[in-house]
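The structure under discussion appears below in the form of structure tokens.
What follows is calculated from the coordinates using simple rules that are stated; it is not laboratory data. What you are looking at is a predicted structure, and each value in this text was computed from that prediction instead of being measured. Backbone-built Cβ (ideal geometry, glycine too); neighbour counts: all protein chains shown.
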Amino acid sequence: MSGERSRSLDPESIPRHFDAEAAEERWDARWQQDGTYHYDPSRPREETFVVDTPPPTASGSLHLGHIFSYTHTDILVRYQRMRGRNIFYPMGWDDNGLPTERRVQNYYHVRCDPGRHYEEGLRLEPASAKQRKERPRQVSRANFIELCDLVTKEDEKAFKSLWTRLGLSVDWRQEYATIDDHCRRVAQLSFRDLWEKGHAYTVHAPTLWDVDFQCAIAQAEVEDREKGGAYHDVEFGVEGSDRGFVISTTRPELLPACVGVTAHPDDERYRDLFGKRAVTPLFHVPVPIFPSEKADPEKGTGILMVCTFGDATDVQWWREEGLALRQLVGRDGRLAAVRFGADGYESLKPDEANRRYGELAGKSVAAARTAVVEQLRQAEGSATGNGPPLRAEPRPIQHAVKFYEKGDRPLEFVPTRQWFVRLLDQKEALLRKGREIEWHPAHMEKRYADWTEGLAFDWGISRQRYFGVPIPVWYPLDADGRPDFDAPIVAAADVLPVDPVDAVPPGYEEAQRDQPGGFRADPDVFDTWFTSSMTPQIASHWALDPERHATLFPADVRPQGQDIIRTWAFYTIAKALLHEDVIPWKHVAVSGWILDPDRKKMSKSKGNVITPMPLLEQYTADGVRYWAGSARLGVDTAIDEKVFKVGKRLVTKIFNASKFVLSQTAERHPIASELDRAFVAELRRLVEQATKSFEAFDHAHALMETESFFWSRFTDTYLELVKARARDDDPAAAPDRGSAVAALRLGLDVQLRLLAPFLPYVTEEVWSWLLAEETGHASVHRAPWPDAESLAHVEPPAGDESFAAAVAALAAINKAKADAEVGMGREVESLTLRATPRSLANLEPVLADVLAAGRCLEHALEPDDGCEEGTFAVENPTFAEKR
RNA sequence: AGGCACGUAGCUCAGUGGCUAGAGCGCCGCCUUGACACGGCGGAGGUCGGCGGUUCGAGCCCGCCCGUGCCUACCA
């Protein structure tokens, strides 16, 4: 050896405490400036790792759930980056949809009128109190979208600053918003492709309808809510007979919309009625009585009325039995004005029917219900002539009612014209694709499969909203001005994105808009999922840049929450299937829920949302990331401040231990002492385990193993054991000292790399002190992930047990000091170590380090076969006086 | 009602059929040590939800039950 000394850190140059907030700001700026997280488009697909980042709802509130799942993704990404992968990690903003619409309507006091044309240069100020009292200003869809853009830009800033503070290693050059031109183009191209392939169709049919938003809803947006209701027992008559029967209904207001009556074919009570006609009370409408397997003899009275439309089964019966259509509930949720006795509204007593219905028309569903019940109660003479048609007072029940997930009133089935994507004929293919994808945890695939198997409707993709991607379609109008829905004009690929309200279809002129013989624009927009189901293709520039698409699609991983498996994951898989018959990504990583300390799911409606910034300030970004990183994928996790605290403690410990290790200096010598070689062997096992865990998408396990090693194998043990040797000034001890300093530094280097994906700030901070220069890797986040190979230059230890023996012997000495209630720094004048001969043999090559760490002056060894293998007992210790 | 997951120390969680079931926090006691008192050392703390089965051996596998969460179904 040349006598050259290792470079070292002047501990005086390092602040006493780690200023995390300053470090976060400094490193965020530095990473941006250096392009540390930039994607390199020149590298091939095999070296690239593509993340299909969830675009957060820009107008949504920030809460801890965001931190949780996005941190999981970032940890995985940072690991892959250190493995040498070229990371494609974009960020999108999901800004179209209802939440933004509502905010913009309030903020500017405007309403969107899709029939209007774009006003160039329209600039609005936030509405004043005076303006709010006036009628809202009507603006075109394009202007409305501009306003939405303005508002969401602010929300995006808030998210971006949170993501930056949290240390997400996103490439901010790859940013998109689901309403921007590029996303609109991709969504409309998607529609074109589906139309050309025959997967998209338009039809006028009963559809799930929200009466407040006056908008169609897809199956995936429906949720059940337990609501109070009541069974109303209502007597019906039988045509040409003095018989009657009683049905039980929870929706008496639909009585005037009754178009049939059904019971189970085997039900003895009603068998003789099949084929006859029932007569409804109050309205005296004769309706067919037919048998149906779907009627449950156990429910209610076993016989029930079929209305247009009370529920999904009514829609089915209506189709299968060819029943009449009496659509009373309108798009606004109020009963329409109709006349009984007129075409399609047969009644045996039209005058009475119209008198009664006149009291209902124009009423909301709820108000009509009250009114009908009163009529049923008051009406004279039931069919059988014994009392009013309401045979008993309503019996309250609790039952599930379908709601739009963002809605306030129950959904209705209303016949409207909508666009659909055929999915029912794709179930098998969808299930196959689901099985091709690797789900983490694996059981999440079952959720997807369950949903897919339970699919009851095709995907309704048109929405009667404004802030969304317009459906790029016009309809030709015939000589009477009626649209031909069977021959839609779909905009050509090269004019996209297009708003058909402003653009004119080929072969027409603007003057022909809405004129007989002219054309009419489709005023609707796509379901927001229609766009967000394209996030992998949005990033890869599908259908626009084949070369980029080939490099970035399919993606490697889709991180997401379990609540949107049936929407985002499902629709994304469907789109990739329908467009290119491929899977959109190889892996899905599903994060669990955040639960509040009472184990309730955190949600805005429960009011138990925790905002992340105060936690970041109190526990540092690394501390918060530690909390997220310690939770496995798919496992629901309670918010527990203890865990944040532990994370912060780990950050502090890393800071202090690094300061110590890097300030040691010695002549350069190879790692040759037994304890040092034994430590490196332990380190090597850790590297193998952590790598294996990461490869299995188990970041939490990798963190646990690394953290546990750091405390119990490094700072509490190895570091204490070599401390004295690392500072030994005796020239004869130079090789041993050099070995110690080299091993300490290697140990720190490796552990910093293993912890870097979890704790990017503190690891980068201490890395920058010395290791950046020594290793030639300016950022620990671009340094290679350690592997067994990188530790192969250190000779394996002579014995497998020497490290464990050293740790156990030191623990025994520590315990002797604790028992004697003296400090760990106290010198031991003499002691006897008793252990099995084998344990003593294991201890022999590392004994000097143990005695130095225990500050033992005189010692004796006592072989004893009676001892437990691997343990040491300290006997007759005598302690020096306190210095 | 069906499905999936979970149930381990006071709390939060590890645990690959194989020694006496682990960690951290919290609790108790002790220690100013030279990287760190934002620290260290030691200790107490368990019927692994219950019952049965398979096995030489079960926290782990199988069956039933109880509890929790979620998904799906349930609107007459």
Once the dipole of the range A:39-91 is set up with Lys and Arg at +1 and Asp and Glu at -1 on Cβ about the Cα centre, which of A:His63, A:Met91, A:Pro44 lies farthest towards its positive end? A:Pro44
By count of other Cβ within 10 Å, fewest leading, how are A:Asp545, A:Asp596 ordered? A:Asp545, A:Asp596
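Take the alpha carbon gyration tensor of the range A:771-883, find the square roots of its eigenvalues, order them as a ≥ b ≥ c, and report rounded if a/c is under 1.5; if not, report prolate when a/b exceeds b/c, else oblate. Numbers along the way, then the final one.
Values: a/c = 3.23, a/b = 1.73, b/c = 1.86.
Because a/c hits 1.5 or more and a/b fails to exceed b/c, the range A:771-883 counts as oblate.
Within the range A:161-227, list the trypsin sites (Lys or Arg not before Pro) lying in a DSSP loop whose Cβ has at most 16 other Cβ atoms in a 10 Å radius. Could you put the intermediate results ahead of the total?
Working: sites: A:Arg165, A:Arg173, A:Arg184, A:Arg185, A:Arg192, A:Lys197, A:Arg225, A:Lys227; in loops: A:Arg173, A:Lys197.
Passing both the DSSP loop test and the Cβ count: A:Arg173, A:Lys197.
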Assuming 0.36 nm per residue, please report the length gained on full extension of the stretch A:Glu47 to A:Phe274 beyond their Cα-Cα distance. 74.7 nm
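As a footprinting exposure proxy, order A:Leu304, A:Leu791 by other Cβ within 10 Å, with the fewest listed first. Mind dumping the intermediate values first?
On the way: A:Leu304 24, A:Leu791 17.
Ordered by Cβ neighbours within 10 Å, fewest first: A:Leu791, A:Leu304.
For A:Asp563 and A:Gln398, what is the calculated FRET efficiency with R₀ set at 22 Å and r taken between the beta-carbons, to the nearest 0.05? Walk me through the numbers on the way to the answer.
On the way: r = 24 Å, r/R0 = 1.11.
Plugging the Cβ-Cβ distance into 1/(1 + (r/R0)^6) gives 0.35.
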Where nothing but the Cβ of Lys and Arg (+1) and of Asp and Glu (-1) is charged, how large is the charge dipole of the range A:376-452 around its Cα centre, in debye to the nearest 20? 60
Residue-count net charge about A:Val874 - beta-carbon cut-off 12 Å; Lys, Arg +1, Asp, Glu -1: 0
Shape call for the range A:397-454 from the C-alpha gyration tensor, a ≥ b ≥ c root eigenvalues: rounded (a/c under 1.5), prolate (a/b greater than b/c) or oblate? oblate
Taking the Cα centre of each part, how many Å lie between the range A:221-249 and the range A:318-337? 17
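With charges only on Cβ, +1 for K and R and -1 for D and E, what is the dipole size of the range A:245-318 about its Cα centre, in debye, rounded to 20? Provide the component values of the computation, followed by the final result.
On the way: 7 positive and 10 negative charges, 53 e Å.
For the range A:245-318, the charge dipole is close to 260 debye.
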Could you name the lysines whose alpha carbon sits less than 27 Å from that of A:Lys642, not counting residues in the same chain fewer than 8 places away? A:Lys600, A:Lys601, A:Lys604, A:Lys606, A:Lys653, A:Lys659
If a paramagnetic tag sat 7 Å from the Cα of A:Glu438 along the Cα-Cβ line, which residues of the range A:546-586 would have the backbone N under 11 Å from that point? A:557, A:586
So, in Å, what gap is there between the alpha-carbon centers of the range A:104-149 and the range A:1-70? 41
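In deg cm²/dmol and to the nearest 500, what is the mean residue ellipticity at 222 nm of chain A if only DSSP H runs of at least 4 residues count, each as -39500 (n - 2.57), divided by the residue total? Numbers along the way, then the final one.
Details: 26 runs with 324 residues, N = 883.
Taken over chain A, the calculation gives -11500 deg cm²/dmol.
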Over the Cα atoms of chain A, what Rg and Dmax result, in angstrom? 36.5, 120
So who's got an amide H within less than 5 Å of the one on A:Phe879, skipping anything under 5 residues away but keeping other chains? H placed 1.01 Å off N, in plane. A:Glu829
Using DSSP to define loop residues, name the trypsin sites (Lys or Arg not before Pro) in the range A:15-112 whose beta-carbon has at most 11 other beta-carbon atoms within 10 Å. A:Arg16
Distance from the range A:754-787 to the range A:813-883 (C-alpha centre basis), Å: 38
Along the Cα→Cβ direction, 7 angstrom out, place labels at A:Arg7 and A:Tyr508. What is the inter-label distance in nm? 7.2
Sequence order, the range A:438-452: Karplus ³J(HN,Hα) from phi using 6.51 cos²θ - 1.76 cosθ + 1.60, θ = phi - 60°, Hz rounded, Gly and Pro as x, gives 8, 9, 10, x, 4, 5, 5, 4, 4, 4, 5, 5, 4, 5, 4
With a point put 7 Å past each Cα toward its Cβ, work out how far A:Lys153 is from A:Glu223 in nm, to one decimal. 3.3
Among A:Thr637, A:Ser540, A:Leu390, whose Cα sits farthest toward the positive end of the charge dipole of chain A (+1 at Cβ of Lys/Arg, -1 at Cβ of Asp/Glu, about the Cα centre)? A:Leu390
Spacing of the two label points (7 Å from each Cα toward its C-beta) at A:Glu21 and A:Glu298, in nm: 6.3
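Which value, in debye to the nearest 20, gives the size of the charge dipole of chain A about its Cα centre, when Lys and Arg are +1 and Asp and Glu are -1 at the Cβ? If you can, show how the numbers build up before the last one.
Numbers: 109 positive and 140 negative charges, 439 e Å.
The calculation lands at about 2100 debye.
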Give me A:Asp819, A:Asp233 ranked fewest to most by other Cβ atoms within 10 Å of their Cβ, as a rough exposure proxy. A:Asp819, A:Asp233
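I need the shape label for the range A:427-574. Rule: rounded when a/c is under 1.5, else prolate if a/b > b/c, else oblate, with a, b, c from the alpha carbon gyration tensor.
Details: a/c = 3.07, a/b = 1.97, b/c = 1.56.
Prolate shape, in that a/c is at least 1.5 and a/b is the bigger ratio.
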Run the numbers for A:Glu688 and A:Arg422: contour at 0.36 nm per residue of separation, minus the present Cα-Cα distance, in nm. 91.0 nm
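With a 10 Å radius around each residue's Cβ, average the other Cβ atoms per peptide and rank A:129-140, A:337-348, highest first. Can you show the working numbers first?
Working: A:129-140: 12.8, A:337-348: 15.1.
Per-residue mean Cβ counts within 10 Å order the peptides as A:337-348, A:129-140.
Taking every DSSP beta bridge with both residues inside chain A, roughly what % is antiparallel (nearest 5)? Before the final figure, lay out each step's value.
Details: 60 of 93 bridges.
Expressed as a percentage, antiparallel bridges in chain A total about 65.
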List the relative contact order of chain A as a percent without decimals, with contacts defined as Cα pairs under 8 Å and 6+ residues apart. 14
